[in-house]
Amino acid sequence: MTRLSHIDIKQLFYLIALDKTQHFGQAAEMCHVTQPTLSMRLRNLEKELDVVLIKRSSRFEGFTEEGEKILKWAKTMESAYDGLQAEAASFRQQLLGQLRIGIVPLTNLNSMQMLQKISSVFPEIRFQVMSSNSEKIIDCLNSNSLDIGICYLEKANAQQHEIYALKQTALGLLFHRNHFMPSAKTISWDEAVKLPLALLNKENHFRQSVDLAFQRYNLHPKVLVESSSTLHLMQSVDAGFCASIVPLSKGIEKLSQHLDVVPIADATINSPLGIIIRREEPRSILIEKCFTEMRNYLVDMSL
């Protein structure tokens, strides 16, 4: 019992940093300590717990099975520590801390604009944003590695998660004005398929909905570029290399003077999108207030 009382929470933060970077030197840099200090503190943690956490050779080789389990507890304690700080700050009429958010690519909302709005209300908050698929985002929420998810709701559980569903996502064709000009204010899938396309990778839910739409009309698009990065898609269109299919209300076309978007008739995403948080306690005041602000923003934007 006395052994556990000697654990310094910084040791757990060092363990989490090592998981994020998969490198001793980079983890030390992230934690603003020297590599020997980080290595020594992690060895001390192993001594305190009397268990080997890290596979070592001349470099980091991963965590042991026991280390993976301890890492999950460390992340839970990190979240609880941040929640404690936020709760204490709220008593001083402040709201501060780091909000960890997971976002799927190509949603029908401008997530940075939404975070800017939250930051104007709570200026002491910092944001850590992860881009990933819905399954990973929900797994990270459940393991307390994320605070809020913006993802597709197929895998969400209303008993485990508090959910705010967005309106259905309508789709449009993103194009370069010098290389394509739509014949009408709305185009058909038959017209969209004539252009070379840059799309997200096939495992992405958004891409799967686009593929299903083409299949429904027995169309076979020419996909020249596939990427997990929205930036790559934009660059492909801005270069005049391809067109792309994007959510209508995201406003991507405003990021370049050469780009525009035209609605595609009968084009929506199959699965509902939404924001979710864990129902499980303890849930920090930071998470609850930011979730409320997000819902208010979405209502104001009619999303």
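Values quoted throughout were computed directly from the atomic coordinates according to the rules given, and no laboratory measurement underlies them. Please read these numbers as outputs of a predicted model, since none were measured by experiment. Backbone-built Cβ (ideal geometry, glycine too); neighbour counts: all protein chains shown.
Considering only beta bridges that DSSP places wholly inside the chain, some 55 percent are antiparallel.
Within the same chain, aspartates and glutamates fewer than 8 places from Lys117 are excluded, and of the rest, those with a Cα less than 15 Å from its Cα are Glu293, Asp300. So which of Lys167/Lys289; Lys10/Lys55; Lys72/Lys202 end up more than 24 Å apart by C-alpha? Violating the 24 Å Cα-Cα cut-off are Lys72/Lys202. At an R0 of 22 angstrom, the distance between the Cβ atoms of Met181 and Ser227 translates into a FRET efficiency of 0.30. Relative to the longest principal axis of the Cα atoms of the chain, helix 9-21 runs at roughly 40 degrees. Among [x] 1.27; [y] 1.05; [z] 1.30, which is the computed Rg/Rh (Cα atoms, Kirkwood Rh)? Derived directly from the coordinates: [y]. Working note: Karplus 6.51/-1.76/1.60 with θ = phi - 60° gives region 37-48 the couplings 5, 4, 4, 5, 5, 5, 5, 5, 4, 4, 5, 4 Hz, where Gly and Pro are set to x. Over the chain, DSSP H runs of length four or greater, each weighted -39,500 (n - 2.57), average out per residue to a 222 nm ellipticity of -12500 deg cm²/dmol. Scanning residues 5 or more positions from Gly172 or on other chains, those with amide H under 5 Å from its amide H are Val246, Leu248, Ile264, with H placed 1.01 Å from N in the peptide plane. Maximal additional length on extending the Tyr81-Val52 stretch stands at 8.0 nm, based on 0.36 nm per residue less the C-alpha distance. Amide H contacts for Arg100 (H built 1.01 Å from N in the peptide plane; partners 5 or more residues away or on another chain; cut-off under 5 Å): Gln128, Asp147, Ile148. Only residues of region 195-237 count here: report those whose backbone N is under 17 Å from the spot 7 Å along Cα→Cβ of Asn270, or say none. Answer for this model: 200-221. Compared with the direct C-alpha span, the chain from Phe241 to Gln128 gains 37.4 nm at full extension, assuming 0.36 nm per residue. Each residue of region 210-220 was assigned a 3J(HN,Hα) from its phi angle through the Karplus curve 6.51 cos²θ - 1.76 cosθ + 1.60 (θ = phi - 60°); the sequence is 5, 4, 5, 5, 4, 5, 4, 9, 6, 10, 10 Hz, with glycine and proline shown as x.
Just to verify a number: FRET efficiency for Lys72 and Arg283, C-beta to C-beta distance, R0 = 22 Å, to 0.05? Calculated transfer efficiency: 0.80.
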